[in-house]
Amino acid sequence: MTHEDAAALLCAILGSENVQDSVKTVEAMRKLEANFQGLRGSMLRNGIAPFNTGIRREHNVIEALAVVLRFLDDEQEIIRRFHLYDSELHVLFEVEYPLHYAFITVGVRNKFWETWTYGRKNEVRNEQIRRCRQDAMREISQALRSTGAGGGKSEVIDAG
């Protein structure tokens, strides 16, 4: 299984009300438009993040989630390189359905984070929210690494 396969499976699980809706859910989520919501935190220098998570505007939510899984492969390197010994990477992935609205927040807890949304949020009263946090994502990343999943390690880029 690749990082993209794992990301698609996670989107199917979190974004489908019923198992039989999984394929339609993944297809719909691949079409969601990415919207960068900004960078925040005390580690920003002149509005520039200390490192690049690798998520791009052209990524759909599944591709972005695969990037996050690869990013978690590099957690110890990021912590060492940026002297974040008292920190951990923070990841939150949420999906609202039946709307297929999603968002990803990734960064370093209490220091830096970036947020991306996918799709348009409506004020529908019957939506349900499902989420996956860094601990579960870290386990998925480790499982992919232990099976030799394709895609290799992400490139930790010093943005400063």
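The values are calculated or read from the model by the stated rules, or taken from the named source; none is laboratory data. These figures come from a predicted structure and were not determined experimentally. Heads up, the Cβs are rebuilt from the backbone with ideal geometry, glycines too, and the neighbour counts pull from every protein chain shown. When the accessible area is computed, the model is the full protein with side chains, heavy atoms only, and any ligands, DNA or RNA have been set aside. Shrake-Rupley method; radii C 1.70, N 1.55, O 1.52, S 1.80 Å.
Residues in region 1-57 that are of a type in the set (S, T, N, Q), part of a loop (DSSP other than H, G, I, E, B) and under 25 Å from PHE112 (Cβ atoms): SER42, ASN46, THR53.
Residue count for region 44-67 under the criterion of being closer than 26 Å to LEU84 by Cβ, touching a strand residue (DSSP E or B) at 6+ places or on another chain (Cβ under 8 Å) and open to solvent by less than 30 Å² (accessible area, probe 1.4 Å): the result is 8. Scanning region 39-69 for residues that are modelled with pLDDT of 90 or more and either touching a Cys at 6+ places or on another chain (Cβ under 9 Å) or of a type in the set (Gly, Ala, Ser) (or both) gives GLY54, VAL61, ILE62, ALA64, LEU65, ALA66.
Figure legend. Inter-residue proximity from region 66-91: first residues more than 20 Å from LEU44 (Cα to Cα), second residues open to solvent by 20 Å² or more (accessible area, probe 1.4 Å) and assigned to a helix (DSSP H, G or I), beta-carbon distance below 7 Å, spacing 6+ or different chains. Indicated pairs: ALA66/GLU4; LEU69/ILE140; LEU72/ARG138; ASP73/ARG145. Does ILE157 satisfy the criteria of being modelled with pLDDT under 85 and aliphatic (A, V, I, L, M)? So ILE157 passes the test. Among the residues of region 68-91, the one identified as hydrophobic (A, V, I, L, M, F, W, C) and open to solvent by 20 Å² or more (accessible area, probe 1.4 Å) is PHE82.
Residues that are of a type in the set (Asp, Glu) and out of contact with any Phe, Trp or Tyr (no Cβ under 8 Å at 6 or more places or on another chain) were ranked within region 6-58; the one that is farthest from ARG130 (Cα to Cα) is GLU58. Restricting attention to region 1-31, the residues that are open to solvent by 10 Å² or more (accessible area, probe 1.4 Å) and touching a Cys at 6+ places or on another chain (Cβ under 7 Å) add up to 3.
In region 134-150, the residue that is modelled with the highest pLDDT out of those that are open to solvent by 60 Å² or more (accessible area, probe 1.4 Å) and touching a helix residue (DSSP H, G or I) at 6+ places or on another chain (Cβ under 9 Å) is GLN142.
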